[in-house]
Amino acid sequence: MLFFRRSPKKAPADDAELLRRYRESGDLKVLGELYERYMHLVFGVCLKYLKKEDDSKDATMQIFEKLVTELRIHEVKNFSSWLHTLARNHCLMQLRVHKTYTSQGTIYLSADENMEFEVASHPEEEDIEYRLTQIEDGMNELPEEQKRCLELFYIEQKSYKEICDMTGFDFKQVKSYLQNGKRNLKLYLDKTG
């Protein structure tokens, strides 16, 4: 009796492998394969913040366009978490530009640590611009090292290593400045909110 053997299917490359291949080649097909895995999640994040399906579709494509350059610059360890943060920050910036209020009273800054700040709900505070201004004011109250590390990590999406290279701080200092900065910012927002 003859047995027909199928050639084993090649296992799909993991995220790290696709990231490596994209960084080396710049091949958009590789990036497309990686993004396709997470496009529905990015769309979900966008829909959560932007509320409108068309705006969320547009934002999903804009985020893909950002990846073309961002992934050539940044060394990403955990793609899904990094992409979630990138998508959320993109949406928050769009909300800020359009001064649109989200239905939540929480501003999330990091998917990795689920850091969140509750902002008191008063009629004059129902605008996202007010919330972001509170965060900016709180950032200005921080020691310069903490402020710089928070800006680089959360706003500019820099890795710990990149922050060390840019600031001259060692790894432990960066970690300490980020932890203390987050704590102090939360204390400021709790006090003013």
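Could you tell me whether Tyr177 is in contact with an Asp or Glu (Cβ under 7 Å, 6 or more places away or on another chain) and open to solvent by 30 Å² or more (accessible area, probe 1.4 Å)?
Working: in contact with an Asp or Glu (Cβ under 7 Å, 6 or more places away or on another chain): yes; open to solvent by 30 Å² or more (accessible area, probe 1.4 Å): yes.
The answer is yes for Tyr177.
So that you can scan it fast, the table gives a plain yes or no per residue for (1) at pLDDT 90 or above; (2) assigned to a helix (DSSP H, G or I); (3) under 21 Å from Val76 (Cα atoms):
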residue: Leu19; (1), (2), (3): yes, yes, yes
residue: Leu34; (1), (2), (3): no, yes, yes
residue: Gly44; (1), (2), (3): yes, yes, no
residue: Leu47; (1), (2), (3): yes, yes, no
residue: Ser56; (1), (2), (3): yes, yes, no
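Note on segment 157-175: among residues that are more than 12 Å from Val76 (Cβ to Cβ) and of a type in the set (Asp, Glu), the one that is farthest from the chain's Cα centre (by Cα) is Asp170.
Pairs meeting the criteria (first residue in segment 167-193 and over 17 Å from Glu156 (Cα atoms) and modelled with pLDDT of 90 or more, second residue among the polar types (S, T, N, Q) and crowded, with 18+ Cβ neighbours inside 10 Å, beta carbons under 6 Å, at least 6 apart or on different chains) are Asn180/Gln146. Over 23 Å from Ser81 (Cβ atoms), buried (at least 17 other Cβ atoms within 10 Å of the Cβ) and in contact with a Gly (Cβ under 7 Å, 6 or more places away or on another chain): is that true of Leu185 in this structure? In short, no. Scanning segment 148-165 for residues that are in a helix (DSSP H, G or I), open to solvent by 40 Å² or more (accessible area, probe 1.4 Å) and under 24 Å from His84 (Cα atoms) yields a total of 5.
I'd like to check something: does segment 106-128 contain any residue that is open to solvent by 30 Å² or more (accessible area, probe 1.4 Å), under 23 Å from Lys175 (Cβ atoms), more than 13 Å from the chain's Cα centre (by Cα) and modelled with pLDDT under 50? Taking every residue of segment 106-128 in turn, at least one turns out to be open to solvent by 30 Å² or more (accessible area, probe 1.4 Å), under 23 Å from Lys175 (Cβ atoms), more than 13 Å from the chain's Cα centre (by Cα) and modelled with pLDDT under 50.
The values are calculated or read from the model by the stated rules, or taken from the named source; none is laboratory data. Values in this document were obtained by computation on a predicted structure and should not be read as measured data. Every residue, glycine among them, receives a Cβ derived from its backbone with ideal geometry; neighbour counts consider all protein chains shown. Ligands, DNA and RNA are excluded from the accessible area calculation, which covers all protein heavy atoms including side chains. Shrake-Rupley method; radii C 1.70, N 1.55, O 1.52, S 1.80 Å.
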